[in-house]
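To start, the structure itself, in structure tokens.
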Amino acid sequence: MAKIGTDIKYVRDLLIGSELAGIPTETVYGLAANALDPIAVAKIFKVKERPTFDPLIVHVSGLDQAEKFVREIPEKAQILANTFWPGPLTLIFNKKEIIPDIVTSGLDTVAVRVPNHALTLELLKNIDFPLAAPSANPFGYVSPTSAKHVEEQLGDKIKYVLDGGLCSVGIESTILGFDGDDVVVYRLGGCKVEDIEGLIGEIKVKANSSSNPVAPGMLESHYAPLTPIIIGNIRELVGKHKHQKIGLISFKDEINELDLDHQFILSEKGDIDEAATRLFTGLRELDALNLQLIVSEYVPDVGLGRAINDRLKRAEVKRN
Ligand code: TXA
Ligand code: MG
């Protein structure tokens with residue numbers, strides 16, 4: 001089984017030796033390899049059972065390091081990076097040759113971000129290469145938000161998980177691309193659309209499209225627990241499926257009709273950011289209970305609520 005700890009030097013040695021390691025970020029845990037080492041990157045796809053047409057995000061220590069790997073940085077990207085990096089925002093740029101094709105699934109573009117986590121930033125400062133890292137979960141399953149989550153699912157395939165505690169954002173990064181003057185959201189995530197628009201004006205949201213050719217990996221059927229999940233009016237759905245063993249995820253209210261053990265409240269005080277940090281833990285906890293069905297409701301569709309609702313929607317598509 002993988003060891004869990006805070007030994008940055010050991011992780012550095014693993015990565016230099018073309019091995020993988022679990023790393024914390026503020027969004028979700030990543031499964032990292034030297035992004036410039038195609039042999040190491042190939043191991044990511046193998047361990048995750050991820051199709052090679054689904055490109056990876058390259059993690060760097062700052063905008064200056066990003067400049068080594070991308071052709072040009074559009075002005076709006078510069079503004080966004082200066083404001084939100086380190087943070088839960090991934091930007092897509094035209095790539096330089098030095099980034100191996102396996103990282104980008106043969107695309108001419110590369111996705112880049114600076115993660116906002118002290119341990120991983122320290123790691124990045126101690127290595128002279130960037131880190132390719134998808135979320136550290138088997139392909140299609142819910143992303144991990146603790147070192148334990150990584151160990152539970154990939155522990156027999158990797159040697160070490162760098163333990164940075166619980167992820168403070170809890171939902172994957174927002175992915176933005178630049179199409180001429182347009183800025184396009186390819187995945188809703190931890191950086192709020194409202195905050196981005198406050199800075200650079202209106203942007204287009206293309207997330208949720210399963211046929212988006214620019215983002216081959218952004219299939220609708222992602223982020224799903226193994227138990228079927230349906231989303232809607234909780235009381236109606238529970239009534240309709242009352243003969244089944246049901247687990248419930250609610251935004252802020254306790255629902256009295258149900259056995260309490262099977263309820264997961266995202267945020268008792270109705271705080272959407274807190275709900276985001278708890279969503280994947282809730283899905284995992286209920287998934288471990290051998291239920292027949294998970295019933296959930298959407299959260300208010302503002303701020304991180306948009307990303308939460310996007311993940312719920314995708315989880316529902318997958319298993320029904
Ligand atoms: O928060 C995050 O972004 C986490 C942490 C570990 O940084 N990473 C993450 O990686 O969620 P992953 O591999 O699970 O999701 C990355 C997404 C994929 O859906 C992929 O298709 C998209 O980024 N992507 C990567 N490179 C791309 C590119 N050049 N163009 C369009 N989409 C790209
Ligand atoms: Mg993922």
*Of (1) modelled with pLDDT of 95 or more; (2) open to solvent by 10 Å² or more (accessible area, probe 1.4 Å), MET218 satisfies all except one. Which?*
(1)
*Taking segment 290-308 as the search range and keeping residues that are surrounded by fewer than 19 Cβ atoms within 10 Å (Cβ to Cβ), in contact with a helix residue (DSSP H, G or I) (Cβ under 6 Å, 6 or more places away or on another chain) and not charged (D, E, K, R), which one is farthest from GLU236 (Cα to Cα)?*
GLY303
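Would you check if ARG71 is at pLDDT 95 or above and out of contact with any helix residue (DSSP H, G or I) (no Cβ under 9 Å at 6 or more places or on another chain)? Break it down stepwise before answering.
Working: at pLDDT 95 or above: yes; out of contact with any helix residue (DSSP H, G or I) (no Cβ under 9 Å at 6 or more places or on another chain): yes.
Yes; evaluated as a whole, the condition is true for this residue.
Is at least one residue of segment 4-20 touching a Cys at 6+ places or on another chain (Cβ under 6 Å) and at pLDDT 95 or above? Walk me through it before giving the result.
Let us first name the residues in segment 4-20 that are touching a Cys at 6+ places or on another chain (Cβ under 6 Å), namely none.
Among the residues of segment 4-20, not one is touching a Cys at 6+ places or on another chain (Cβ under 6 Å) and at pLDDT 95 or above, which makes the answer no.
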*Of all residues in segment 10-38, how many are part of a loop (DSSP other than H, G, I, E, B), within 16 Å of ligand 2 (Cβ to nearest atom) and either under 18 Å from GLY87 (Cα atoms) or among the acidic types (Asp, Glu) (or both)?*
6
*What is the residue count in segment 96-116 for residues that are within 21 Å of THR25 (Cβ to Cβ), over 18 Å from the mean Cα position of the chain (by Cα) and of a type in the set (Lys, Arg)?*
0
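Of all residues in segment 113-151, which are within 16 Å of ligand 2 (Cβ to nearest atom) and part of a helix (DSSP H, G or I)?
Narrowing segment 113-151 to residues within 16 Å of ligand 2 (Cβ to nearest atom): 113, 115, 131-146, 149-150.
HIS149, VAL150, listed by residue number.
Kindly indicate the residue of segment 23-37 that is over 11 Å from ALA133 (Cβ atoms) and in contact with a Ser or Thr (Cβ under 8 Å, 6 or more places away or on another chain) and also nearest to ligand 1 (Cβ to nearest atom) among those meeting that condition. Steps first, answer last, please.
Of segment 23-37, the ones over 11 Å from ALA133 (Cβ atoms) are 26, 36-37.
Then keep just the ones that are in contact with a Ser or Thr (Cβ under 8 Å, 6 or more places away or on another chain); that gives 26, 37.
On the way: GLU26: 8, ASP37: 17 Å.
In this case the residue turns out to be GLU26.
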*Take segment 122-142 and flag every residue that is among the hydrophobic types (A, V, I, L, M, F, W, C) and surrounded by fewer than 23 Cβ atoms within 10 Å (Cβ to Cβ).*
ILE127, PHE129, PHE139
_Quick test of your reading of the structure: ILE92 fulfils all but one of (1) more than 10 Å from ligand 1 (Cβ to nearest atom); (2) open to solvent by 10 Å² or more (accessible area, probe 1.4 Å). Name the failing condition by number._
(1)
*Inside segment 97-112, can you point out the residues that are closer than 12 Å to ILE57 by Cβ and not in a loop (DSSP other than H, G, I, E, B)?*
VAL103, THR104, THR109, VAL110, ALA111, VAL112
*Residues (over 16 Å from GLY305 (Cα atoms), out of contact with any Asp or Glu (no Cβ under 7 Å at 6 or more places or on another chain), in contact (Cβ under 8 Å) with a residue 12 or more places away in the chain and not in a helix (DSSP H, G or I)) located in segment 255-282*: ILE255, GLU257, LEU258
*asked:* So for segment 231-247 (the condition being modelled with pLDDT under 90 and within 25 Å of TRP85 (Cβ to Cβ)), does at least one residue qualify?
replied: no
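Can you name the residue in segment 188-199 that is open to solvent by 30 Å² or more (accessible area, probe 1.4 Å) and either outside any loop (DSSP other than H, G, I, E, B) or more than 15 Å from ligand 1 (Cβ to nearest atom) (or both) and, of all such residues, is nearest to LEU121 (Cα to Cα)?
It comes out as ASP195.
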*Can you name every residue in segment 152-182 that is farther than 16 Å from ILE23 by Cβ, open to solvent by 30 Å² or more (accessible area, probe 1.4 Å) and outside any loop (DSSP other than H, G, I, E, B)?*
GLU152, PHE178, ASP179, ASP182
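The values are calculated or read from the model by the stated rules, or taken from the named source; none is laboratory data. Being a predicted model, the structure only gives us computed values, none of them experimental. Please note: Cβ atoms are built from the backbone with ideal geometry, for glycine as well, and neighbour counts cover all protein chains shown. What goes into the accessible areas is simple: the full protein's heavy atoms, side chains included, and nothing from ligands, DNA or RNA. Shrake-Rupley method; radii C 1.70, N 1.55, O 1.52, S 1.80 Å.
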